[in-house]
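Okay, so here's the structure we're looking at.
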Amino acid sequence: MSLSLKVQHYQRIPGTTQLRLTRVTPYVRLCRDDGPPLFVQGGQVYSESGDRMTDQLPEWFWDEAAKMSLAVRQEVGLVLPGEPPQPTTPAPAPSTAGDGRLPCEICGRQLLPRQRNFHRLAHERAAARRVEDAGRV
Ligand SMILES: [Zn+2]
């Protein structure tokens, strides 16, 4: 996968003019002082030109990465050195409440099936906002 600055991916619903959000690929942009920025997306780090970073990352990168919240790091698949690796596809946890509630893959909150779409949308909006904020740094 290469870096995609397009965060939200839409698909037209056949026969309509409506677009449906099908995929969200959040990224974060990290930089320090006057240096070139680095981007993190899908567990990979990319240079400003979109090339995947295969060399050792600069020391400041990890300083900046450590300032990110766990939720944001999980969204872009970034694991700090010494942290256990994150599962790429979280296994759905069995329902415990008996009323069809399942935990949200992102925040772990127990949700009823009818709440899930709306709740997920809220995460997507929040991720898009954070990306905009990160871009302003
Ligand atoms: Zn959630």
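Annotations for the structure displayed:
- A single entry from 45, 24, 28 fulfils the requirement of being in contact with a helix residue (DSSP H, G or I) (Cβ under 6 Å, 6 or more places away or on another chain), modelled with pLDDT of 90 or more and surrounded by 13 or more Cβ atoms within 10 Å (Cβ to Cβ): 28.
- Residues of the stretch 96-118 satisfying the condition of being surrounded by 15 or more Cβ atoms within 10 Å (Cβ to Cβ), within 7 Å of the ligand (Cβ to nearest atom) and at pLDDT 85 or above: 104
- Within the stretch 119-137, considering residues that are among the basic types (Lys, Arg) and modelled with pLDDT of 85 or more, the one farthest from the ligand (Cβ to nearest atom): 125
- Residue check, residue 12 in contact with a Lys or Arg (Cβ under 8 Å, 6 or more places away or on another chain) and of a type in the set (D, E, K, R): yes
- Filter result for residue 2 (surrounded by fewer than 11 Cβ atoms within 10 Å (Cβ to Cβ) and in contact (Cβ under 8 Å) with a residue 40 or more places away in the chain): yes
- Residue count, the stretch 7-18 (criterion: surrounded by 10 or more Cβ atoms within 10 Å (Cβ to Cβ) and without any contact (Cβ under 8 Å) to a residue 40 or more places away in the chain): 6
- Residues of the stretch 17-50 that are of a type in the set (A, V, I, L, M, F, W, C), farther than 25 Å from residue 81 by Cα and either assigned to a loop (DSSP other than H, G, I, E, B) or in contact with a Leu (Cβ under 9 Å, 6 or more places away or on another chain) (or both): 21 alone.
- For beta carbons closer than 8 Å, sequence separation of 6+ or different chains, a first residue in the stretch 103-114 that is in contact (Cβ under 8 Å) with a residue 12 or more places away in the chain and a second that is more than 7 Å from the ligand (Cβ to nearest atom) and aliphatic (A, V, I, L, M), the qualifying pairs are 104/111; 106/71; 107/71; 110/97; 110/102; 113/102.
The values are calculated or read from the model by the stated rules, or taken from the named source; none is laboratory data. Small disclaimer: the values here were computed from a predicted structure and weren't measured. Neighbour counts run over all protein chains shown; Cβ positions are idealised from the backbone, glycine included.
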